[in-house]
Amino acid sequence: MAGIRGVLLLSIFAVVVAGVLSYERPPPRKNLFIPRRRLLSSSPEQQVHISLVGVNKMRVSWITDGDAPSTVEYGTSPRKYKFSATGTTTSYRYLLYKSGQIHDVIIGPLKPSTVYYYRCSQDSSREFNFKTPPSQFPIKFAVVGDLGQTEWTNSTLQHIGQSNYDLMLLPGDLSYADFWQPLWDSFGRIIEPLASQRPWMVTEGNHEIEKIPLLHSTPFTAYNARWRMPFEESSSTSNLYYSFEVAGVHVIMLGSYTDFDPNSDQYKWLLSDLAKIDRKRTPWIVGNIHAPWYNSNTAHQGESESDDMKKFMEELLYKARVDIVFAGHVHAYERFTRVYKGKEDNCGPIHITVGGGGNREGLAMNYIDPKPEISLFREASFGHGQLEVVNKTHALFTWHRNQDGVAVVSDSVWLKSLSSDHACKV
Ligand SMILES: [Fe+2]
């Protein structure tokens with residue numbers, strides 16, 4: 001009897017240990033396609049999402065199948081809209097596809113940390129609401145790249161939705177439409193519950209290019225039409241790179257798939273943008289790129305967007321004392337130490353890859369062995385990151401792995417801002 005009990009206890013112990021210590025890498029899950037809303041309801045507006053414009057304004061974007069007013073009515077109480085704003089409508093063609101009417105309306109000035117209720121195109125059947133970011137610390141960012149639209153994406157979005165985040169940073173590869181434009185619409189519907197409630201700030205990845213020689217020679221057609229970011233406000237001339245400030249953080253969204261050499265507009269813009277930063281007003285600087293500059297996964301090694309962009313721009317970010325650089329592209333999680341020119345450097349940024357949003361291509365499972373010393377944590381899993389900037393000196397970064405339906409924190413690190421480190425004073 002004692003023997004049986006012993007075996008039983010041992011088995012239970014083995015199962016518990018296996019559950020804690022090992023983590024079986026999940027395969028990709030199937031793609032989702034969310035049909036047009038008019039099949040589900042009579043509301044004209046769909047794919048509602050919002051993004052910051054300056055410190056106290058918000059852009060509301062949505063799509064209607066037919067003509068509809070480009071109007072947002074809003075206020076701080078449900079169904080009571082004290083304010084109204086009208087914006088612009090565009091559309092685009094891509095091969096045989098013609099988009100719906102894409103509406104862009106800038107509203108504000110808005111108060112910080114305040115819930116606003118709003119409706120689009122004067123449709124009284126659907127009311128949305130969003131919360132504006134705080135004007136000072138603390139602030140919480142959700143960070144995820146390579147989102148796609150699979151069941152894993154849904155899982156990631158569910159976890160982000162539970163996180164009480166203030167603002168989304170998405171360093172590239174959004175819909176994985178890959179030339180099939182209805183998938184952009186489907187992506188817009190999948191993310192609407194979250195993206196209509198908190199600002200989503202994005203930059204482009206390779207899946208946004210969608211250029212076809214001879215047939216469609218203009219790159220980023222869908223991306224630029226559907227995801228207009230506030231580039232003019234930071235004196236950028238392109239929707240593909242820009243910066244913004246929120247609650248003491250200067251956020252730089254760089255473009256890995258447009259020119260970045262020292263003669264390029266992006267390079268010159270970055271130089272002038274970094275020169276304008278006032279570390280008293282924004283003690284933290286967070287950069288975002290799509291193709292990682294540091295990566296010890298076997299996926300995406302040797303690409304120009306990683307190696308050449310790093311060669312040209314790393315010094316600029318280093319000298320400006322950028323705190324963190326987030327990247328996507330590699331479908332896995334990896335965190336490096338503070339680094340510059342391949343070596344540990346206490347005044348360099350921490351590079352973090354968060355490319356495991358849940359896209360249909362699956363995980364990048366293989367790593368270079370042995371692990372480089374500058375790589376502190378690497379894990380092939382889907383999930384998302386959270387950066388909680390607590391005050392001007394300290395921030396907490398956590399990686400939330402999708403373990404089936406549950407978000408498990410498998411990596412976390414406290415960061416000290418470089419602006420508070422006297423050894424890194426510029
Ligand atoms: Fe990518």
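Structural remarks
- Restraint check, Lys371/Lys416; Lys319/Lys425; Lys319/Lys343; Lys57/Lys131; Lys140/Lys416, Cα-Cα greater than 19 Å: Lys371/Lys416
- Summing Cβ point charges (Lys, Arg +1; Asp, Glu -1) relative to the Cα centre of segment 173-284 gives a dipole of roughly 380 debye.
- Building the convex hull from the alpha-carbon atoms of segment 37-131 and averaging its projection over directions returns 6.4 nm².
- Note on segment 212-294: Cα-Cα pairs beyond 16 Å make up 58% of the total pair count.
- Relative contact order of the chain, taken over Cα pairs closer than 8 Å and 6 or more residues apart, is 15 percent.
- Helix-only [θ]222 nm of the chain, DSSP H runs n ≥ 4, -39500 (n - 2.57) each, per residue, nearest 500: -6000 deg cm²/dmol
- Which of Phe220, Phe187 has the fewest Cβ neighbours within 10 Å, and the rest in rising order: Phe220, Phe187
- Taking other C-beta atoms within 10 Å as the exposure proxy, Tyr241, Tyr340, Tyr294 rank Tyr340, Tyr294, Tyr241 from fewest upward.
- For the pair Lys319 and Asn56, the difference between a 0.36 nm per residue extended length and the Cα-Cα distance amounts to 91.7 nm.
- Taking the number of Cβ atoms within 10 Å of each Cβ as an exposure proxy, the fewest-first ranking of Met229, Met201 is Met201, Met229.
- Size of electric dipole in the chain: Cβ of Lys, Arg +1 and of Asp, Glu -1, about Cα centre, debye, nearest 20: 1200
- In this simple spin-label model, placing a label point 7 Å from the Cα along the Cα-to-Cβ direction at both Asn31 and Val413 gives a separation of 3.5 nm.
- Extent along principal axes [Cα atoms of the chain; Å; largest to smallest]: 73, 62, 50
- Spin-label model, Thr114/Ser91: points 7 Å from Cα along the beta carbon direction are separated by 3.6 nm.
Bear in mind these aren't lab numbers, they're just calculated from the coordinates by the rules spelled out. What you see is a predicted model; the values in this text were computed from it and never measured. A quick note on method: Cβ atoms are made from the backbone with ideal geometry, for glycine too, and the neighbour counts reach across all protein chains shown.
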